[in-house]
1. From the list Phe12, Phe22, Phe8, which residue is surrounded by 13 or more Cβ atoms within 10 Å (Cβ to Cβ) and touching a residue at least 60 places away in the same chain (Cβ under 8 Å)?
2. Which one of these does Asp83 not meet: (1) closer than 22 Å to Gln108 by Cα; (2) more than 16 Å from the chain's Cα centre (by Cα); (3) not in a helix (DSSP H, G or I)?
3. Out of all the residues in the range 64-90, which are in contact (Cβ under 8 Å) with a residue 60 or more places away in the chain, surrounded by 15 or more Cβ atoms within 10 Å (Cβ to Cβ) and farther than 25 Å from Glu5 by Cα?
4. Which of the residues belonging to the range 93-112 are farther than 30 Å from Val31 by Cα and open to solvent by 60 Å² or more (accessible area, probe 1.4 Å)?
5. For the range 137-155, indicate whether the set of residues that are within 14 Å of the chain's Cα centre (by Cα) and among the β-branched types (Val, Ile, Thr) is non-empty.
6. Looking at (1) within 23 Å of Pro178 (Cα to Cα); (2) under 16 Å from the mean Cα position of the chain (by Cα); (3) in contact (Cβ under 8 Å) with a residue 24 or more places away in the chain, can you tell me which one Asn112 breaks?
7. Tally up the residues in the range 6-50 that are part of a helix (DSSP H, G or I), polar (S, T, N, Q) and touching a helix residue (DSSP H, G or I) at 6+ places or on another chain (Cβ under 8 Å), please.
Amino acid sequence: MGALEPLFKQAFGDGRVLQEWFGTVLLYSEVATLAGPYSDFARIGGAALDMTAASRGVALSPADRGRILQGMLTLPAHSDVRDGLQLMRDAGLRLVTLTNSAPAAVQQQLANAGLAALFERSFSVDTVRRFKPAAEAYHSVAEALSLPVDRLRLVAAHAWDVVGALRAGCAAAFVGRPGKVLYPLGPMPDIVGPDFRNVAQQIVAADARQA
């Protein structure tokens, strides 16, 4: 998400507004899940952007608004992600994605990041119309793959996603990117690492022990 900071600096004069906006996106995705009505992640992102601008008294131009929302589709991958994914693929692990984005957006995001070919399938919460960390989102992947949910492992840098997966019955691994920490009141994953490649190495080792 950090790649969007320059766009927020241009629109708001402060790139750190990105964090406020994304927090609002996550909050109202949960409102949509718990209270309704459901809207896809892009629409919630736009609504949250309008709310952020209104709360700060900023007249957000259509051009700035469009650049920020389009930027969500072209986020680059962290430099360690491709190596980590390839490591897991080479070890025989099945790789899929599960995101809050709508299916068309997921395909654009993966293609633009250069990662689409590394995944077997891509899943969206749009199928169940309930955003992560709702249990139904994770269960939908297990059902689609005809696997028990405890055979899935979520890998994420968001503590809320890790909590959701663990509470749904999945295993999980946490990528401790700078500034990212686990939620101390939630269940803890068995794998934690400072970057994606390190986490991938631990996952491969754990899978080998279980084989």
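1. Working: Phe12 fails: touching a residue at least 60 places away in the same chain (Cβ under 8 Å); Phe22 fails: touching a residue at least 60 places away in the same chain (Cβ under 8 Å).
The unique qualifying residue is Phe8.
2. Of everything listed in (1) closer than 22 Å to Gln108 by Cα; (2) more than 16 Å from the chain's Cα centre (by Cα); (3) not in a helix (DSSP H, G or I), Asp83 misses just condition (3).
3. Selection gives Gly84, Leu85, Leu87, Met88.
4. Answer for the range 93-112, where residues must be farther than 30 Å from Val31 by Cα and open to solvent by 60 Å² or more (accessible area, probe 1.4 Å): just Arg94.
5. Within the range 137-155, one or more residues are within 14 Å of the chain's Cα centre (by Cα) and among the β-branched types (Val, Ile, Thr).
6. So the condition that Asn112 fails would be (1).
7. Within the range 6-50, residues that are part of a helix (DSSP H, G or I), polar (S, T, N, Q) and touching a helix residue (DSSP H, G or I) at 6+ places or on another chain (Cβ under 8 Å) number 3.
The values are calculated or read from the model by the stated rules, or taken from the named source; none is laboratory data. These figures come from a predicted structure and were not determined experimentally. Because the Cβ atoms are built from the backbone with ideal geometry, glycine has one as well, and the counts that use them run over all protein chains shown. Just so you know, the surface numbers come from the protein's heavy atoms only, side chains and all, with ligands and any DNA or RNA stripped out. Shrake-Rupley method; radii C 1.70, N 1.55, O 1.52, S 1.80 Å.
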